[in-house]
Amino acid sequence: MKFSSKKCELPPGDMGWPLVGNMLFFFQSFKDGNLGSFVSYFVTRFGEGGMHKAFMFGKPSIIITKVETSRKIFMDDDNFNRGMPKYILKILGQVQVGGFTKEESKRLHRLTTPIKSDLSLSSNYFDFANEIVKKSFEKLVAMEEPIDILLAMKRPTFEVLMRILIGDGVDHDLVDVLFEETIYLIRGCHGLPFNIPGSSHNRRLKARGAMAKIYQHILDERKVMIGKNKTRGKSNILLDMMLDTQDDDEQGKGFNDEKIIAVLVSYTFAGFESVGLVAATAIMYLQKYPHFLNKAKEEQEDIVKRRTSSNEGLNFHEIKQKKYLSSVINESLRIAIAKTIFFREASTTININGYTIPKGWKFLTFSWNYHLDPHTYVRPKEFNPSRWDDLEPKPASFLPFGVGPKMCPGANLARLEVSVISSLLSSLL
């Protein structure tokens, strides 16, 4: 990449209709579960150059369709910002608080480091994640009526997320309301952002307001509790860690209440949907293809035989040993996360691949375009964990959690949750 002051020479493309741009076609493709048709329109009509201009989410944009270009952009933290659409940032509360400074972003990055660390996952998070999922499975087994697998998988993964964000001492009724409102918040993101009474956007704004009130209530209660317990030890709960920054607030680097709530809503939004979806996908395909399930069970049985005691349960070390289970999870991630969109925004006018893109333009890439690419994955729409035995995808051709410095901080935690769910499932079926 290099800077350029020349007149902008944009890639070919279609800016769509006035005001709405290409969004009507995009939302219809998304609703139909066929984002490929949206991307194919640009490639078929304007060639396979890998960059196409469009008007998306209220902004002039560049759609990226080639792995090499995606990686180049998403690894460049100096010339590109996150680029999330403004209406989503508004829903998450980040517009209202004025966004986050670089110092605040760095501090938040440091606070979430334990979630990214294998050692921390094993010592701080594995036991309660395992316990939450196990109890949830016991309830499901006892049920006689039909089960909505996707909803059933979302609940335990949500409870694990809540344990990390706010701890386990929160009123269960409040957690229930947070669960319901989060579902509305996410559902609303699949519609046009027009705040009309009765619209999905209007409902998600109400959901965000309800979540903010609950988090403020929890925040106020936590402050009272902290005030009574002056000698409390170090916490691995994100809410507590952010509150600690208010005590040693130097040069305005601490998080105020509004920004803490914005972080909690944002992390709830980001961490809720995908894990439950991947877990449900794994369960669906393992039930559909018994030979894959049998291979997972054989691996589980081999590991159980090596336990020193018959009373031992699943542990973190066993999870790390499960190579075939890891392949099942990779394949589930590849298929389930095929509708994810990744955003960046040019922080300066920049020249890339011979085109000059003005400052402020969005860059979008779709995991669908890479996860279902037949050049990388043979028969890409088939579920086949064995493809991962000797598969080494090109960098950025497997994007379940993004790529580069701003990739999802909860990637390892998400894999851990799905691993626990799949391990317990294979022992039950």
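I'm trying to understand the selection: among the residues of region 191-223, which are part of a loop (DSSP other than H, G, I, E, B) and in contact (Cβ under 8 Å) with a residue 60 or more places away in the chain?
Residues of region 191-223 part of a loop (DSSP other than H, G, I, E, B): 191-199.
Answer for region 191-223, where residues must be part of a loop (DSSP other than H, G, I, E, B) and in contact (Cβ under 8 Å) with a residue 60 or more places away in the chain: Gly191, Leu192, Pro193.
Based on this model, can you work out whether Leu121 counts as closer than 23 Å to Val278 by Cα, buried (at least 17 other Cβ atoms within 10 Å of the Cβ) and at pLDDT below 80?
yes
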Looking only at region 157-182, filter to residues that are closer than 30 Å to Ser29 by Cα and in contact (Cβ under 8 Å) with a residue 40 or more places away in the chain; which one of those is surrounded by the most Cβ atoms within 10 Å (Cβ to Cβ)? Thr157
The correct count of residues that are of a type outside the set (D, E, K, R), at pLDDT 85 or above, part of a helix (DSSP H, G or I) and farther than 18 Å from Thr113 by Cα in region 230-268 is 3
One residue from Leu372, Leu391, Leu325, Leu399 being closer than 30 Å to Val141 by Cβ and either of a type in the set (A, V, I, L, M, F, W, C) or over 23 Å from the mean Cα position of the chain (by Cα) (or both): Leu325
Breaking point among (1) modelled with pLDDT under 80; (2) surrounded by fewer than 18 Cβ atoms within 10 Å (Cβ to Cβ); (3) farther than 17 Å from Tyr215 by Cβ, for Gln96: (3)
Pull out all pairs, ordered by first then second residue, where Cβ-Cβ is under 6 Å, the residues are six or more apart or on different chains, the first lies in region 368-391 and is in contact (Cβ under 8 Å) with a residue 24 or more places away in the chain, and the second is assigned to a helix (DSSP H, G or I) and basic (Lys, Arg). His371/Arg334
Ser61 meets each of (1) surrounded by fewer than 15 Cβ atoms within 10 Å (Cβ to Cβ); (2) among the polar types (S, T, N, Q); (3) in contact with a Lys or Arg (Cβ under 8 Å, 6 or more places away or on another chain) with one exception, condition (1)
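Can you report the number of residues in region 45-69 which are over 30 Å from Leu264 (Cβ atoms) and either assigned to a loop (DSSP other than H, G, I, E, B) or hydroxyl-bearing (Ser, Thr, Tyr) (or both)? Full working, then the answer.
Going through region 45-69, the residues over 30 Å from Leu264 (Cβ atoms) turn out to be 45-55, 60, 62-69.
Those left that are additionally either assigned to a loop (DSSP other than H, G, I, E, B) or hydroxyl-bearing (Ser, Thr, Tyr) (or both): 47-50, 65-66, 69.
Number of matching residues: 7.
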Kindly list, by first and then second residue, each pair from a residue in region 282-306 that is under 20 Å from Met153 (Cβ atoms) to a residue that is charged (D, E, K, R) and modelled with pLDDT of 90 or more, limited to pairs with Cβ atoms under 8 Å and residues at least 6 apart or on different chains. Tyr285/Glu331
Residues of region 172-190 being modelled with pLDDT of 85 or more and touching a helix residue (DSSP H, G or I) at 6+ places or on another chain (Cβ under 9 Å), in sequence order, are Leu174, Val175, Val177, Leu178, Phe179, Glu180, Glu181, Thr182, Ile183, Tyr184, Leu185
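The values are calculated or read from the model by the stated rules, or taken from the named source; none is laboratory data. Please read all numbers here as calculations on a predicted model, not as lab measurements. Reconstructed Cβ throughout: ideal geometry from the backbone, glycine too, with neighbour counts over all protein chains shown.
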